[in-house]
Amino acid sequence: MSAPAEDQPDVVILGGGHNALTAAAYLAKAGLGVVLLERLEHVGGAAVSARAFDGVDARLSRYSYLVSLLPRTIIDDLGLGIRLARRRYSSYTPVPGDAEGRGLLVDRRDAEVTRASFADIDAASDGDAYAALGDDLARVAEALWPSVTGPLPTRSEARAALGDDALWDAVFERPIGELIEQRFSSDLVRGVVATDALIGTFAGLHDASLDQNRCFVYHVIGGGTGDWDVPIGGMGAVTGELERVAREVGADIRTGSEVVSVSPDGEVRYRRGDTEHVVTAARILSGVAPHVLDRLLGAADAPPAVGADRPEGAQVKVNLLLKRLPRLKDAGVAPEAAFGGTFHINETASRLEAARAAAAEGRIPNPLPAEIYCHTLADPSILGRPLAESGAHTLTVFGLHVPDRIVRDLDDPAAHDAVRTQLQDAVLASLNSVLGEPIEPLLMVDAHGHPCIETKTTRDIEDALGMPGGNIFHGPLSWPFAEDDELLDTPARRWGVATAHERILLCGSGARRGGAVSGLGGHNAAMAVLEEVGR
């Protein structure tokens, strides 16, 4: 069944992720008519909380899990009741295969503890270099962060803002692996620094593409400090606030509405139930991946592109609920400290490179490099009171260098299930290799007696959230500045949200300066629209 055009708002927004909700809130608050269309029965996209285990009172941040790039400006502009917790510890990294179970603990509040830990793993000189790099990256953040909520600076303007040509060249012109190898001698310390360049990006440290450098920059500039914060109440609390504000200021949010086609003249067709609807607007903001938008602009039944034209994610995510935190091989480090920041597993530089080489050949890396985040140490509110008081904790494991090609062609669900199980086993084996006890007996069980563990492949992410190839950034990341010869003659181009079609703007993670939970894609698209209409 189909219906004629039923309404003509000023703006139609495709998708209901955190960026789309940000754009909706800004535009509706400015008095524009806004219709937001979301395929699922709820908004939030990847930034949601869910009870992942039947009968267990725990609301996990199932996909996105930390807040890194959300500017205070957006929180204040929209009056969002979002609370973020800053973690004391930066990271803990066990030395793989070390008989004594030694590890590197980086304590943000106690420089002496950190210095002693570097010395304990025979990397005392790298401790000084690590502190010096932190100072340098703080200057990069201070130079770039203020610009992310404004029109794009040019490359020359960004370089001048930093005011250090040698540092600029090391971070923005040369592969980041060169800087890491020049400054650090320890394989483990090199790996700790390198992970910020590789998370979700299937790249090598010396790739000429500099994809790894762009990933690195976004990981170290957030908030002007590079800190990644824990959302109190879980990630769903962030999008819940954005939805609340958007609805209160008048945005028309329509869930269960699957967009089937988009035209450059502003017409959007979507299906709700058994009925097809049409809505036309002066501006269309796309919160879906650019790859998906291209398909919607073609034909509703066009098959997804494959090969080089298709984005590729490169991670596996495992959520666990434990009776308690596991003991470490090093009895001198409390689990609360080790898991209080990012817990790196088998992420030395050499093991990261070996894992990438294995995955490029279609093999699951062994050992699989991964890192862990424990939400409940910073925010136990995501657990019901009895569960929290019992000592239970959540762990989120993010496995690196697991590209979508490993599962992409598995059309048989049973074959995908088998590979998912292999990946889960690889993650647990990697984790057990650095713990003082196996993790499996510590897993809680759900109402059916099943262990509380779930594993999400890139295929699972694409099926659930529509992110092509399970790419968590919606595609390749871009620099947070324009090239000097780039044409910035329209608001959409100046704000980094332009597409090939004048009436269609990007407002999701695929926009310039998009990626991560930031709201920047939505904010900047809204600013471009408001500039166009003179508000």
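The values are calculated or read from the model by the stated rules, or taken from the named source; none is laboratory data. The model shown is predicted, which means the values in this text are computed figures rather than measured ones. When we count neighbours, we look across all protein chains shown, and the Cβ atoms used for this are built from the backbone with ideal geometry, even at glycine. The area values use the complete protein model at the heavy-atom level, side chains included, leaving out ligands, DNA and RNA. Shrake-Rupley method; radii C 1.70, N 1.55, O 1.52, S 1.80 Å.
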Of the residues in the stretch 212-268, those that are assigned to a helix (DSSP H, G or I), at pLDDT 95 or above and surrounded by fewer than 18 Cβ atoms within 10 Å (Cβ to Cβ) come to R244, R247, E248
How many residues does the stretch 428-482 hold that are β-branched (V, I, T), part of a loop (DSSP other than H, G, I, E, B) and more than 20 Å from the chain's Cα centre (by Cα)? 2
Please determine whether any residue of the stretch 111-132 is within 25 Å of the chain's Cα centre (by Cα), under 25 Å from S518 (Cβ atoms) and of a type outside the set (S, T, N, Q). no
Mind listing just one residue for me: the one in the stretch 483-512 that is over 24 Å from F172 (Cβ atoms) and small (G, A, S) and, of those, farthest from the chain's Cα centre (by Cα)? A500
Going through (1) touching a residue at least 40 places away in the same chain (Cβ under 8 Å); (2) open to solvent by 20 Å² or more (accessible area, probe 1.4 Å) one by one, I461 fails only at (2)
Which count do you get for residues in the stretch 454-509 that are at positive phi and in contact with a strand residue (DSSP E or B) (Cβ under 6 Å, 6 or more places away or on another chain)? 0
Confirm whether A498 is among the small types (G, A, S), free of Cβ contacts under 8 Å to residues at least 40 places away in the same chain, surrounded by fewer than 24 Cβ atoms within 10 Å (Cβ to Cβ) and in contact with a helix residue (DSSP H, G or I) (Cβ under 9 Å, 6 or more places away or on another chain). yes
Checked pairs for the stretch 109-138, first more than 25 Å from I176 (Cα to Cα), second open to solvent by 60 Å² or more (accessible area, probe 1.4 Å), C-beta under 6 Å and 6 or more apart or across chains, list as R109/R88
Being of a type in the set (S, T, N, Q) and buried (at least 22 other Cβ atoms within 10 Å of the Cβ) is the filter; apply it to the stretch 52-90 and report the residue that is nearest to M444 (Cα to Cα). S61
Screening G177, G200, G134 for residues that are open to solvent by less than 50 Å² (accessible area, probe 1.4 Å), in contact with a helix residue (DSSP H, G or I) (Cβ under 8 Å, 6 or more places away or on another chain) and either assigned to a helix (DSSP H, G or I) or over 23 Å from G223 (Cβ atoms) (or both) leaves only G177
